[in-house]
1. Output the relative contact order of the range 317-463, whole-number percent, from Cα pairs under 8 angstrom with separation of 6+ residues.
2. Can you list the lysines whose alpha carbon is less than 19 Å from that of residue 126, not counting same-chain residues fewer than 8 positions off?
3. Using only alpha carbon pairs under 8 Å that are at least six residues apart, calculate the relative contact order of the range 301-378 and give it in whole percent.
4. Provide the packing ranking of 421-427, 173-179, i.e. peptides ordered by the mean count of other C-beta atoms within 10 Å per residue, highest first.
5. For the chain, what relative contact order do you get, as a whole percent, if you take Cα pairs closer than 8 Å and at least 6 residues apart?
6. Given the range 209-366, what whole percent of its Cα pairs are spread farther than 22 Å?
7. The range 350-398 to the range 247-261: how many Å between their Cα centroids?
8. Of the listed values (i) 341; (ii) 148; (iii) 207, identify the label whose number matches volume of the Cα convex hull per residue in Å³ calculated from this model.
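The numbers here are math on the coordinates, done by the rules we state, and not lab data. Quantities reported herein were computed from a predicted structural model and do not represent experimental measurements. Note that we place each Cβ from the backbone using ideal geometry, even for glycine, and neighbour counts take in every protein chain shown.
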Amino acid sequence: MKLDPRTDTLWRTKLLYVLILLSGLAIIAKIIVVQTKDSEELKQLAEQREYRMRTLEASRGNIFSSDGQLMATTIPVYDVFFDYKVVDSTLLANNIDSLCIQMAQLFPKRNSAQWKAFIAEGMAKKNRHYKIALNISQAELRMMQEFVIFKLGPNRGGIIYEKKLRRNKPFKELASLMLGMANEERGYYFGLEGAYNDYLKGQDGRQLVRRIHHGDWVPVDSEENTDAQNGDDLITTFDIKLQDIVENALNHTLTENKAEQGCAILMDVETGYVRALANLRLNHETGVYEESYNVALTERYEPGSVFKIASMVVLFNNKDVNLDDKVNIGTGPIKFSNRTMKDDHSFAQGGICTVQEVIEQSSNKGTAVLINKNFATHPEKYVEGLYALGLNKQIGTGINGETQPVIKHPNDKTKDGRKLWSKVSLPWMSIGYEVNVTPMHLLTLYNAIANGGRMMKPQFVTEIRRGNQTIEKFDPIVLNEHIASPENIKKLQTMLEGVVIRGTARRQFQGCVVTAAGKTGTAQYYDRVQGYAYHEPGIGRKLYNTTFVGYFPADKPRYSCIVMVSRARGRFWAAGSVSAPGFREIAEKVYAMRIGSQDEDSIAFANPVSTEPIIVRHSKEATYLKGIDKPFNDFAINGEWVTMQQTESGETHLREAKFTPNIVPNVVGMDITDAVYILENMGIKTEFVGQGTVKEQSLQAGDTLKTNSVIHLKLEKK
């Protein structure tokens with residue numbers, strides 16, 4: 001049946017109207033839903049795209065030396081990127097050579113051709129965020145912003161930069177390991193940066209920002225905005241000049257002896273404040289010593305003979321022992337149970353020596369005999385005496401990685417129930433084996449002896465400041481008021497002075513400008529696989545850990561110091577020849593720089609000397625005379641010290657300078673190190689103010705020396 005064309009058209013029209021009506025109703029329904037149910041959700045989505053909360057990064061606090069020099073600070077650095085998409089291709093092609101020349105001038109690690117190839121690589125990748133400079137300074141960024149193309153700004157020149165904060169150490173590697181690092185993102189902390197992170201890090205702020213045209217963000221007022229609170233500053237105990245002395249001395253000692261690693265610590269006797277601390281380990285790839293491992297606080301080692309002083313402290317505290325008491329050490333090795341012990345050299349007449357000589361000559365046998373005789377029946381009293389000195393505990397410096405010593409007790413057992421104590425534990429512990437301590441623990445003990453028996457806690461920070469306000473102060477902390485009686489402390493001091501005057505360190509301290517007291521210690525290096533029998537290939541002998549620890553000046557201690565050297569592969573292997581010279585270098589330089597200095601106004605130069613011929617070391621005369629435009633004749637070829645004299649004819653003659661005993665020499669014009677060397681060796685106590693060469697001396701040259709003479713020197717820079 002064929003439909004009427006008019007009927008078919010009407011039906012189609014009605015269907016279309018119905019569809020349009022339904023679509024309209026659906027749109028209206030959606031609008032109603034959007035306005036009611038989904039309105040809040042869509043509003044939040046829109047705001048999220050237009051607004052965001054930005055973190056305002058707090059600036060980390062500064063770290064200062066004890067004299068106010070900046071050791072660590074936070075500076076802004078910038079990463080710079082190139083957006084090739086926004087730069088006109090013709091503009092880039094016409095100016096690429098000029099841009100690369102400018103980049104090469106600012107960043108010469110690449111020449112202009114290399115910069116062109118580098119930038120072309122980014123162009124080929126069509127990268128919109130191509131890294132072209134990382135960690136540059138603000139000054140470098142400003143210069144880049146004036147380069148061709150870049151000076152057109154981010155929207156036409158394609159330069160994009162991101163600011164970040166970076167830790168900077170003005171003195172570079174000086175005390176770098178102890179200053180440390182704190183990385184919040186990685187949770188990586190060490191050194192003072194880690195120990196005092198809660199103070200240094202500050203508190204980040206929050207800032208609401210809104211996106212505007214070109215994608216830029218601008219700050220918006222909000223109740224949720226908070227300012228960043230910058231971190232607090234640390235005032236450390238470190239002295240920059242002393243730190244430099246200690247680091248150089250340690251590096252020199254390790255290099256001379258081809259050692260694996262070592263540390264040197266300088267401590268203020270009275271307060272326990274650490275004035276300098278250096279840790280160095282050999283980088284076998286570069287052959288350079290680097291601060292990569294905290295030997296001072298982390299290295300737990302068998303210290304050898306320096307531990308004998310700990311044994312003497314325990315002995316004196318438990319028994320009535322005098323320095324002139326006799327000890328029978330025999331003429332050969334002594335057997336303890338199934339092991340024999342010997343001394344490295346023979347010194348006792350007929351096998352009999354004094355208690356004083358046991359320490360002076362570092363007698364293994366003598367120490368073991370004394371300790372075994374007095375504690376064999378009750379070894380726990382010996383061990384508990386060591387515990388009373390804190391040698392089994394962490395010091396509590398707060399520095400990440402600080403190790404706890406290991407000093408076993410007769411009752412200690414292994415996990416499977418076996419006893420750790422043996423029949424030879426007592427004698428071998430007494431000489432520094434079967435115990436593991438850190439260099440810092442040893443120095444803390446010796447510092448207590450120098451301090452009259454008062455044991456101070458080693459500290460690295462004296463103050464925390466917020467701006468100019470001190471919010472926390474760290475006064476000296478006493479760990480033990482009396483490690484021994486005053487009488488016994490005097491005995492220990494006499495022993496340590498004897499080591500330097502007559503004992504195992506005598507040769508190393510001959511002619512030293514400052515009196516010192518201390519102890520040598522040499523212990524076989526223990527390898528975990530081969531034990532004490534370890535021989536490093538190519539060395540042909542066992543390796544050792546060597547230590548010298550003590551204090552100076554001996555009569556009025558100002559500083560205590562330890563120099564520990566591990567696995568010296570050079571000519572020498574004993575502490576007297578390896579570690580003691582490093583200690584002496586530190587002591588002499590610290591003495592010349594710090595000890596004896598007073599306020600200039602407090603010194604009366606009542607009898608200044610008249611101008612006389614200047615005395616110099618013969619080895620230095622050529623350098624000194626370099627500035628004198630006159631010929632000279634050397635008549636002192638073999639003299640250690642020379643004077644310059646003018647003849648009537650105007651010639652300059654060098655003649656040997658001779659010093660008469662008991663007569664005050666003329667040291668005006670001399671370098672302070674040389675002046676102190678001469679005066680102290682003549683028995684004249686030296687005190688000085690200023691820096692450089694001697695300008696005036698208080699005792700008249702040519703006068704007769706009196707007992708306990710003190711000379712005051714006024715210095716001036718050359």
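1. Worked out over the range 317-463, it gives 19 percent.
2. Excluding near neighbours in sequence, the set is 85, 116.
3. Relative contact order for the range 301-378 comes out at 34 percent.
4. Most protected by this proxy first, the peptides run 173-179, 421-427.
5. Dividing the mean separation by the residue count of the chain yields 11 percent.
6. Percentage above 22 Å: 68.
7. A separation of 30 Å, based on Cα centres.
8. (i)
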